[in-house]
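The values are calculated or read from the model by the stated rules, or taken from the named source; none is laboratory data. Since we're looking at a predicted model, the values are computed, not measured. As a convention, Cβ positions derive from the backbone with ideal geometry for all residues, glycine included, and neighbour counts pool all protein chains shown.
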Amino acid sequence: MRSVFIKTYGCQMNERDSEAVAAQLVAKGYTLAPSEAAADVILLNTCSVRDFAEQKAIGKMQNIAADVRKNRPDVVLGFMGCMAQSRGQELIDRLPDVDLVLGTQKFHHAADYLDEILAGHRDKIVDVAAEQGSEATIREHLLNGNAQKSVTAFVSIMQGCNQYCTFCIVPYTRGEERSRSIADIVAECRQLVSQGVKEITLLGQIVTSYGKRGFGRAELPLGQDAQQRVPTTKKTSFVQLLDAVHEIDGLERIRFTAPHPKGYGDDLIEAYARLPKLVESAHLPVQSGSDRVLKLMHRGYTRDRFLGIVKKLRRAKPDIGITTDIIVGFPGEIEDDFEQTLSLAREVQFDNAYIFKYSQRRDTPAAGMPDQVPLKIREDRNHRLLETVNEIGKRKYHAFVGRRTQILVEGPSKKNPARMTGRTRCNKIVVFEGAERHRGQLMDVKITRAGSFTLYGDPAIVNL
Ligand code: SAM
C-alpha cells in the first residue's frame with residue numbers, strides 16, 4: 001500500500017484543499033504517512049501570498065529532494081496549489097527532482113496523475129490549466145481520518161477572486177470567482193452533520209461575493225420555515241446560503257471566512273441577529289487605517305465605512321469577536337498613514353489581528369508602485385503594531401475571566417493532550433481539564449484565567 005504525506009502552507013483554503021486531496025488518495029487506497037521520511041509520495045501545498053511563503057516551500061522541497069533522491073529514488077515529489085499555479089513548469093526547471101506540479105483548479109486529478117507517474121506511464125506532469133466546474137470538486141472530507149469524530153469542518157463554497165486588490169496575487173493564482181450552487185453546498189453540509197459535525201465554516205477568498213458570478217442568483221428555494229422568518233427579499237446570495245445552511249437539523253454553529261468589509265450589507269448584519277446558529281465572530285480584513293492607502297490598495301471602502309460596519313455589528317451582537325488582517329509598509333505608506341492604522345486598531349479594539357509586512361508579488365500593480373517601503377521600516381511598523389494588538393488582545397481576553405461562556409469541545413489540546421480544548425462562539429480557544437467523552441458537546445464553562453490568546457476554563461463547574 002502506498003503512503004502520502006502532504007505539507008500545507010498558507011490559509012484555511014489551502015488546508016481544505018489538502019484535506020480534499022488526502023481524502024481522494026485515501027479513497028484510492030493510499031495511507032497517510034506521519035512524516036515525509038515514511039512517505040512514497042510527498043506533496044507540498046503551497047502559498048504565494050508573500051515571498052516568504054514561496055521561499056519556505058522551495059527550500060523545503062530542496063531539502064526533501066536532496067535527502068530522498070539519495071536513499072529512496074522512487075519517491076514521487078509534487079508541488080500543488082498557488083505557487084504551483086503561478087510558477088508551473090518553472091518549478092521543474094529549477095528543481096528537476098520534482099515530478100508533479102498541480103494547479104489550483106486541478107486538485108481532483110491528483111490521484112490519477114500520481115497513478116500515472118507511479119506506474120511509469122508518465123515521467124513529469126505539469127497541469128495548471130483552467131478547468132470549468134473545478135469550484136465544485138473540493139468536496140471530500142477526511143474527518144480526522146475517521147479514527148476519531150471530527151466536530152468541525154470546512155466547506156469550500158467558491159473558488160477564485162475578482163477583487164484585484166493591488167497587493168494581492170490571489171486573482172492570478174486562483175482565477176475568476178466561481179461559486180458552487182446552494183443545493184450542492186447544503187448537501188455536503190448535511191452529509192457532514194450526519195457524520196457528527198456540529199460546526200461548519202464556509203470558506204472562500206471573499207465569501208461575501210458568493211453567487212455574484214458563476215451560477216447567478218441563488219437557485220434553491222428556501223424552506224418554508226426560513227421564508228416565514230425572513231421579512232426581506234433583498235438578500236444577497238451569501239445570506240441566502242446562510243439561511244439554507246441554517247436550516248440543517250443537528251448543525252449547531254456556522255462560521256465563515258473570509259468576508260470583504262464592503263460585503264457587509266445590512267442583510268448580513270441582520271443575519272447575525274436573526275440566525276442563532278451564526279456565531280458572534282467576524283474576521284474583517286481591514287488592511288490599513290488610512291483612506292489614502294486603502295485607495296491605493298483598491299479596497300473599495302473608507303476608514304469611516306469600516307468603523308460604521310463594526311459599530312453596526314456590535315449593535316446587533318455586543319459580544320461579537322472581531323479579528324482582522326493588516327498590511328504594514330504598503331508602497332507609499334508614510335508614518336502618518338501608519339499612525340492611522342495604529343489609531344484604527346485602538347479604536348476598533350480587535351480581539352486579534354494578523355499583521356503582514358508588505359511583500360512585492362509579481363504581476364500585481366503594487367509591485368510596480370513608486371515609494372516601496374524599506375524592509376527596516378516595515379519591520380519596525382510590524383513590531384509597533386504587534387505590540388498594540390497584543391496589548392489590546394490581552395485586555396480583551398482578561399475581560400473573560402470570571403464569565404461563564406458556551407464552548408463547543410473540539411478535542412485534546414495540541415500543546416497538552418491531557419487537556420481538552422473547545423471554542424467559544426466568538427472564536428476563542430478555551431483549554432480545560434475534560435475528557436474524550438466531552439468531544440462534540442456544547443457546554444458552559446467558567447473562565448478562570450487568560451493566557452496569550454487562550455482562555456482556561458474551570459472543570460469544576462463544567463456541566464456534565
Ligand atoms: N481574501 C481575503 C481578503 O481579501 O480579505 C484574504 C486573503 S489573503 C490570502 C490573506 C491576507 O494576506 C490578506 O488579508 C492580506 O492581509 C495578506 N496579504 C495579501 N497579499 C499580501 C502581500 N502582497 N503582502 C503582504 N501581505 C499580503
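Table for the structure above
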read-out	value
Helices (runs of 4 or more DSSP H) contained entirely in segment 266-332, each with at least 3 residues that are of a type in the set (Phe, Trp, Tyr) and on the phi < 0 side of the Ramachandran plot	none
Qualifying positions in segment 102-136 - among the small types (Gly, Ala, Ser) and either under 17 Å from Ile6 (Cβ atoms) or in contact with a Ser or Thr (Cβ under 9 Å, 6 or more places away or on another chain) (or both)	Gly103, Ala110, Ala111, Ser134, Ala136
Single condition Ala366 does not satisfy, out of (1) within 10 Å of the ligand (Cβ to nearest atom); (2) outside any strand (DSSP E or B); (3) of a type outside the set (Asp, Glu); (4) touching a Lys or Arg at 6+ places or on another chain (Cβ under 8 Å)	(4)
Search result, residues across segment 123-159 that are among the charged types (D, E, K, R) and at pLDDT 95 or above	Lys124, Asp127
Qualifying position, being away from the ligand (no atom under 16 Å from the Cβ), among the small types (Gly, Ala, Ser), more than 30 Å from Gly329 (Cβ to Cβ) and out of contact with any helix residue (DSSP H, G or I) (no Cβ under 6 Å at 6 or more places or on another chain), among Ala111, Ala130	Ala130
The lone exception for Lys394 - which of (1) basic (Lys, Arg); (2) under 27 Å from Gln195 (Cβ atoms); (3) modelled with pLDDT of 95 or more it fails	(2)
Breaking point among (1) buried (at least 22 other Cβ atoms within 10 Å of the Cβ); (2) modelled with pLDDT of 95 or more, for Ala218	(2)
Where a residue in segment 158-169 is assigned to a loop (DSSP other than H, G, I, E, B) and its partner, wherever it lies, is aromatic (Phe, Trp, Tyr), with Cβ under 8 Å and at least six apart	Phe167/Phe330; Phe167/Tyr358
Meets criteria (away from the ligand (no atom under 16 Å from the Cβ) and hydroxyl-bearing (Ser, Thr, Tyr)) for Thr324	no
Residue ID - surrounded by the fewest Cβ atoms within 10 Å (Cβ to Cβ), chosen from residues in segment 44-56 that are of a type in the set (A, V, I, L, M) and within 15 Å of the ligand (Cβ to nearest atom)	Ala53
Residue match in segment 429-446 (condition: without any contact (Cβ under 8 Å) to a residue 24 or more places away in the chain and over 22 Å from the mean Cα position of the chain (by Cα))	yes
For Phe306: the one exception among (1) out of contact with any Ser or Thr (no Cβ under 8 Å at 6 or more places or on another chain); (2) under 25 Å from Thr405 (Cα atoms)	(2)
Among the residues listed as Val76, Val68, the single one being in contact (Cβ under 8 Å) with a residue 24 or more places away in the chain, surrounded by 15 or more Cβ atoms within 10 Å (Cβ to Cβ), more than 27 Å from the chain's Cα centre (by Cα) and closer than 19 Å to Asp127 by Cα	Val76
Selection count, segment 159-179, where residues are more than 11 Å from the ligand (Cβ to nearest atom), in contact with a strand residue (DSSP E or B) (Cβ under 6 Å, 6 or more places away or on another chain) and not charged (D, E, K, R)	2
Selected residue (criterion: farthest from Gly196 (Cα to Cα)) from residues of segment 224-257 that are in a loop (DSSP other than H, G, I, E, B) and modelled with pLDDT of 95 or more	Thr236
Qualifying positions in segment 107-130 - part of a loop (DSSP other than H, G, I, E, B) and surrounded by fewer than 17 Cβ atoms within 10 Å (Cβ to Cβ)	Ala119, Gly120, His121, Arg122, Asp123, Lys124, Ala129, Ala130
Pair list, Cβ < 7 Å and 6+ apart or interchain, from segment 342-371 residues that are modelled with pLDDT under 95 to residues that are within 16 Å of the ligand (Cβ to nearest atom) and of a type in the set (Phe, Trp, Tyr)	Asp363/Tyr172
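Every residue, every condition in (1) closer than 23 Å to Glu280 by Cβ; (2) away from the ligand (no atom under 16 Å from the Cβ), yes or no:
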| site | (1), (2) |
| --- | --- |
| Tyr354 | yes, no |
| Gln360 | no, no |
| Asp371 | no, no |
| Lys376 | no, yes |
| Arg395 | yes, yes |
| Pro417 | no, yes |
| Met420 | yes, yes |
| Ile429 | yes, yes |
